[in-house]
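The values are calculated or read from the model by the stated rules, or taken from the named source; none is laboratory data. Just so it is clear, the model here is predicted, and its values are computed rather than measured. No Cβ is skipped: glycine too gets one built from the backbone with ideal geometry, and neighbour counts run over all protein chains shown. The protein model used for the area step is the full one, side chains on, heavy atoms only, and it has no ligands, DNA or RNA in it. Shrake-Rupley method; radii C 1.70, N 1.55, O 1.52, S 1.80 Å.
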Amino acid sequence: MSDKLDITLNINGRDYAIRVESRRTLVDAIREECGQTGTHIGCEHGVCGACTVIVAGEPVRSCLMFAEQAAGKPIRTVEGLATGDTMHPMQRAFMENHGLQCGFCTPGFLMLAVGVLEREPEISDEDLVDVLSSNLCRCTGYQNIIKAVRAAAAEMRRS
Amino acid sequence: MTAHTRGSGTNWVGRSIRRLEDPALVTGQGRFTADLPAVHWVRFVRSSIAAGKIQSIEAPPGANIITASDLRALKPIRPVLSKFNYVPVGQPILADGVVRFTGEPIAAAYAASKDQAEDLADQVEVVIAETTALVDGPLALVEGAPLVHAEAAGNVIVEGRVRTPGFDEVWRSAHKVLRVDARSRRQNAAPMEARAGHAAYDPATGRVTLTCTTQMPHLTRTAVCDIIGIPEAELRVIAPDVGGGFGQKMSLAVEYVLLVWLARRLRSSVAWTEDRRENLIASFHSRDQHIELEGAFDAGGKLIALSADIIANIGAYSCFPTTCGVEPLMALAELPGPYDVSAYNCRARGVLTHTCPMAPYRGVSRPVITFAIERLMDKAAAAFGIEPTELRRRNLIDKFPHTSPMGLMFDDGTYKETMEIAIKAVDLPAFRKQQQVARTRGRYLGIGFATFSERTGYGSPAFAARGMEITPGWETVHLTIDPSGFVEARIGASPHGQGLRTTLAQIIADEIGIDPQFIKVVHGDTDRSPYGWGTFASRSLVLSGGASLIAAQKIRAKLIKMASHMLETAPEDITLKSGSAHVIGTDRSIAIATMARAAYHQTHIFKGEIEPGLTETGTYDPSGTFSNACHTAIVEVDIDTGRVEVKKFLVAEDAGLIINPMIADGQVHGGVAQGIGNALLEEIIYDETGNILTSTLADFLPPTAREIPELELHHLETLTGNTITKAKGLGEGGAIGAPAAVINAINDALSSFGVSIDEMPATPQRIRAALRSSGKLR
């Protein structure tokens, strides 16, 4: 396992030249080699979605992808959602609708929702609940996450 | 009972202001334990066997491995109760010769990275001579069963009994006796952030800073120092952002003790992050109870006597600080719930088995006892041929104060009122018609109610009644206005998602007339916060809120005295608002920031009549009170598959004054979702050898957005005189009522089959098995 690979991860527009083992998962590389700890690890087996990031436009579970597989592709994490001090509508909607409590699953939900809405802005309310059911939250009972994402979807469609 | 109009007379309390916690958390700037870098990473070698004797532990030559033989100077974790025939048993930090549950840590491997530590741990070979494992509570009580701990005869570690005087006579006078054999399977609180710890040694001071996912930083420090044998001054404990706890992170983790010990030995930093499998098999479990419950009713459907035998399978060890008595003894104390019954007979036992230790989880025991007694009420309603709500009307407490057969004093409650709100909101008569129509079309709809009381905000007297060697209760707040006019409240509670930085700021803001955005609540750091008990038991808003109010009242008094000097006006003519002290009826005022500066830098102007500085302390230790609610579920059961869909869920609750309605609703939402998971999905399953079969989140199933319907909330705000903020606390209620409401609804849907589903979770398999056994399936 000692053979290491030199790869470059592009996270939120910035290149990180890192050396990792081939078995290194994307989430570990984002958090440890690149120091971007906003992306969280909830289960490491692809169920909870806390580690969701956007790779080449698609929301992915970064615990189920090797870092090497994401090399050279644009990666977006929660740290890149805001533009300077201006928060993304999804971030604002989560705050306005109390879509978070402990905040641990929040980055994953934000990236999941943003990724899906960018791809499918006209997604129906029902389909949105299906999409959101791919991530787990233990605090909110999902009520206000759904409310927040619907509010942000409406705002994203307007802008 | 006082009617309360939200927002009247106050400024910030009662308003749904946005949380002060959120900006960091939505931008990825939250700081969680696992985010910290470390020099050494620890991986625990855990037992793959439930019960046995360790014969050998072999590691590769030169590998960095710690085993029990290295830890001889450490004491075991050994919490004590002085009552209820409690038998203290010790839990070693690493298994010492004997393993008692699958997942028990046997050795700690450490290396320069997480991966290397994991690789190393995989190379450690442990040989265990397997012995018979006890997995089931009642089976561990069978005579001749092997003992989990030699000192606990019959595997009973705690036993509480009560039999009220004259019980037998009342029982014999019964018109009908109904019985429920209620079984709650094991659960895991499953916070989205599993546990983690990081211990860093500071060579300059010799101190260790333990950053960890705890709900009780001060107790963690006390416990770790006692076990290792060092003064508390040598350890700082920090609970940074903590990703949910729900009770699981309240109990002391042996892993934290090992980390602190190892950081001292290596004079370096060491870290451990629990993976999800470890969390599911070896953190803490809960809710594993059998309750045999019998209720004696008179001819009018009034419950006249209640009898119960409670067996809680508490696992292999007793958790610190509450002890494992928490589940069986809370069941003993609170089983009668919101019902007016004075004849009570109960035996509650905590039984040792070769399973993961049980510890508090949101609601603690009450989700189980509420499920049991609410099943009893529905069975009684069926036996009397009346609506379940009518039977409850005849039995709910409606005269206050009420003293329970266990001596608990119910100061006030709105059991009937909340139920009537629920009945009206759900339109029960209309539902019954809809249900009949659906049934003619082969669809099985059902409605279930659960009424319950949630004991909240209790201080040290209530805990002392349990005979705890460590008696939690009070909370302290240090409130300071610094020379810049900024307010800092240092609290002993340790919130982790409850929004306390916001709600406490609202309480303080109203008292001192400063906007909450200028009030910073500091918590979770033993160097910066006063000693306190942490956040658990629906207590923080009441306890820390009360202490905040007391401290803020003192600051207010001092500010008014200072303003009186500075404005040369009588104190009674001064009011604090919008960041200034105002002379009532004039345009004269002085900014609080100006007074704060004077309190430190211009003290001479007060001519020795006012002490320098602007810090006050509030400590609060109330007797406690009860919140209450009625939960209502409407479900549809697919009799071909056993699948249950929760179509509607309604909560009518009363938690006294609501400080921030948005946050309060969020607490109810989260609790209800956990309760629905409890009722339908979540189960830790052991096989008969004690091997755990549910070690991923694809096996242990927290609900997703698909399983939780839109929740409808109704509030009553009955202002309690038992807390100084008039707030009661509601953190656990959602989880307490929901399981019973859902299970009652399932049984209502299946009433034509003559089955009774009295086991949680009511999985499709269990529902299908019950339907098959009914012989009524086509």
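Before moving on, here are some points about what is shown:
- Members of region B:114-162 that are over 16 Å from B:THR353 (Cβ atoms) and touching a helix residue (DSSP H, G or I) at 6+ places or on another chain (Cβ under 6 Å): B:GLY160
- Failed condition for B:ALA655, given (1) under 23 Å from B:GLY737 (Cβ atoms); (2) within 14 Å of another protein chain (Cβ to nearest Cβ): (2)
- Residues that are open to solvent by less than 10 Å² (accessible area, probe 1.4 Å), of a type outside the set (Gly, Ala, Ser) and either in contact with a Phe, Trp or Tyr (Cβ under 7 Å, 6 or more places away or on another chain) or assigned to a loop (DSSP other than H, G, I, E, B) (or both), drawn from region B:322-343: B:THR323, B:CYS324, B:LEU335, B:PRO336, B:PRO338, B:VAL341
Residues checked against (1) among the charged types (D, E, K, R); (2) buried (at least 21 other Cβ atoms within 10 Å of the Cβ); (3) touching a His at 6+ places or on another chain (Cβ under 7 Å):
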residue	(1), (2), (3)
B:ALA24	no, no, no
B:TRP41	no, yes, no
B:ASP70	yes, no, no
B:ASP96	yes, no, no
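- Among residues of region B:56-84, those that are assigned to a strand (DSSP E or B) and touching a helix residue (DSSP H, G or I) at 6+ places or on another chain (Cβ under 7 Å), counted: 2
- Given (1) more than 11 Å from chain B (Cβ to nearest Cβ); (2) surrounded by fewer than 17 Cβ atoms within 10 Å (Cβ to Cβ), number of the condition A:GLU126 does not satisfy: (1)
- Pick from region A:13-44, criterion within 19 Å of the chain's Cα centre (by Cα) and open to solvent by 60 Å² or more (accessible area, probe 1.4 Å), ranking: nearest to the other protein chains (Cβ to nearest Cβ): A:GLU44
- When residues of region B:307-362 are limited to those that are free of Cβ contacts under 8 Å to residues at least 60 places away in the same chain and not β-branched (Val, Ile, Thr), the one farthest from B:THR414 (Cα to Cα): B:ASP309
- For beta carbons closer than 7 Å, sequence separation of 6+ or different chains, a first residue in region A:100-123 that is assigned to a helix (DSSP H, G or I) and a second that is open to solvent by 10 Å² or more (accessible area, probe 1.4 Å) and at pLDDT below 95, the qualifying pairs are A:LEU117/A:MET156.
- Condition broken by B:PHE649, with the remaining ones in (1) under 30 Å from B:GLY546 (Cα atoms); (2) open to solvent by less than 10 Å² (accessible area, probe 1.4 Å) satisfied: (1)
- Selected residue (only one of A:VAL60, A:VAL116, A:VAL78 is away from every other protein chain (no Cβ under 11 Å), touching a helix residue (DSSP H, G or I) at 6+ places or on another chain (Cβ under 9 Å), open to solvent by less than 10 Å² (accessible area, probe 1.4 Å) and not small (Gly, Ala, Ser)): A:VAL116
- Looking only at region B:195-215, and only at residues there that are open to solvent by less than 10 Å² (accessible area, probe 1.4 Å) and aliphatic (A, V, I, L, M), the one that is nearest to the other protein chains (Cβ to nearest Cβ): B:ALA196
- Those residues of region B:683-699 which are facing chain A (nearest Cβ under 10 Å) and hydrophobic (A, V, I, L, M, F, W, C), in sequence order: B:LEU697, B:ALA698
- Selection within region A:28-54 - assigned to a helix (DSSP H, G or I), within 19 Å of B:GLU278 (Cα to Cα) and of a type in the set (A, V, I, L, M, F, W, C): none
Per-residue answers, yes or no, for (1) in contact with a Phe, Trp or Tyr (Cβ under 9 Å, 6 or more places away or on another chain); (2) surrounded by 14 or more Cβ atoms within 10 Å (Cβ to Cβ):
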site: B:ILE386; (1), (2): no, yes
site: B:GLY407; (1), (2): no, no
site: B:ILE421; (1), (2): no, yes
site: B:ALA425; (1), (2): no, yes
site: B:ALA438; (1), (2): yes, yes
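- Failed item in (1) away from chain A (no Cβ under 14 Å); (2) within 17 Å of B:ASP122 (Cα to Cα); (3) modelled with pLDDT of 95 or more, with B:GLY62 passing the rest: (3)
- Taken over region B:613-640, the criterion of being β-branched (Val, Ile, Thr) and part of a strand (DSSP E or B) is satisfied by B:THR615, B:THR617, B:THR619, B:THR625, B:THR632, B:ILE634, B:VAL635, B:VAL637.
- B:LYS554 closer than 27 Å to B:GLY656 by Cβ, open to solvent by 10 Å² or more (accessible area, probe 1.4 Å) and at pLDDT 95 or above: yes
- Of B:LEU713, B:LEU719, B:LEU730, all but one fail to be within 27 Å of B:MET419 (Cα to Cα), open to solvent by 20 Å² or more (accessible area, probe 1.4 Å), facing chain A (nearest Cβ under 10 Å) and not in a helix (DSSP H, G or I); the exception is B:LEU713.
- A:GLN143 vs. criteria within 11 Å of chain B (Cβ to nearest Cβ), without any contact (Cβ under 8 Å) to a residue 12 or more places away in the chain, open to solvent by less than 60 Å² (accessible area, probe 1.4 Å) and farther than 23 Å from A:GLU32 by Cβ: yes
- Condition met for B:GLY154 (free of Cβ contacts under 8 Å to residues at least 60 places away in the same chain, part of a loop (DSSP other than H, G, I, E, B) and more than 14 Å from chain A (Cβ to nearest Cβ)): no
- Taking region A:138-159 as the range and being part of a loop (DSSP other than H, G, I, E, B), modelled with pLDDT of 95 or more and closer than 16 Å to A:GLN91 by Cβ as the test, only A:THR140 passes.
- Evaluated against (1) assigned to a loop (DSSP other than H, G, I, E, B); (2) under 23 Å from B:LEU391 (Cα atoms), B:PRO739 falls short on exactly one condition, (1).
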